[in-house]
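Read-outs throughout are calculated quantities, based only on the coordinates presented, and are distinct from any laboratory measurement. Everything numeric in this text was worked out from a predicted model, so none of it was measured. Cβ atoms come from the backbone with ideal geometry, glycine included; neighbour counts cover every protein chain shown.
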């Protein structure tokens, strides 16, 4: 701007807010992760004992260590949730974008998809208990119809219920960016594909999916990163019996083991950043957005 303030000066307030609320807390967590672990006090210092404790026993490839098992379990939850939410989110977004012609109806149906977000995450999780419990509606229906002789135990407080709750909670984070990408697709491209004799499946795979990959990548980043750090859903739907990285950090914090929890948080952040870098290799988000 010729008559305004320099660009760097205009960006300075936003940079200050970003540094204070994002960069500074991360640096503080990294610093605390190097402090010695004590029972009740935070004692400044410098030690790598916290990281050594995290990876203790991981050198033995014959038997995976606790940390490795926990990360594998957390990654499994993330991948299962990602696959289910991608399937649901893409299908719903495709229907809204290409099969609902009225903009008013699109808006109405989209708002209906957001209704579950009008309540707390905990309330939405707890709502599954009377459905999936041993004496819940699902088991009553299965036993009453004769499909099973006794209630199914794995419906609740299991890995199945954890993944189900994750999909319920976070599919919207996948749906929104995919729907936004699909709405930006030029209808003339679909008409051209149809004129060239492409089937509906060929148009979907060769036109819609490639042009929607920006939304797919953004939604994948949202879902995977949120699930990786989630501990409330794992605790509630897993009956406090399933371990995850976020759950370990929460337990360590509750026992005032802040340096150890901070070290785990740094390792988790590093893993999540590697996942994000891998996903952004698929599409250049800065160029596409």
Compare 134, 124, 104 in a GNM of the chain, Cα atoms joined below 10 Å, and give the one with the largest fluctuation.
-> 104
Length-normalised contact order for segment 1-124 - Cα pairs under 8 Å, 6+ apart - percent = 8
So what is the orientation-averaged projected area of segment 191-283, using the convex hull of its C-alpha atoms, in nm²?
-> 8.2
Distribution output for segment 1-137: share of Cα-Cα pairs per 10 Å bin in percent, first bin at 0, values 8, 14, 20, 25, 22, 9, 1, 0
Would you order 29, 218 from fewest to most other beta-carbon atoms within 10 Å of each residue's own beta-carbon?
-> 29, 218
Distance in Å, no decimals, from the C-alpha centre of segment 189-231 to the one of segment 51-82 is 31
Computed [θ] at 222 nm, helices only, for the chain once each DSSP H run of length n ≥ 4 contributes -39500 (n - 2.57) | -20000 deg cm²/dmol
Whole-number percent relative contact order across the chain, with pairs defined as alpha carbons under 8 Å at least 6 apart = 26
Report the percentage of all Cα-Cα pairs in segment 65-288 whose separation exceeds 28 Å, rounded to a whole percent.
-> 43
Most fluctuating residue of 127, 212, 78 in a GNM of the chain with Cα springs under 10 Å: which is it?
-> 127
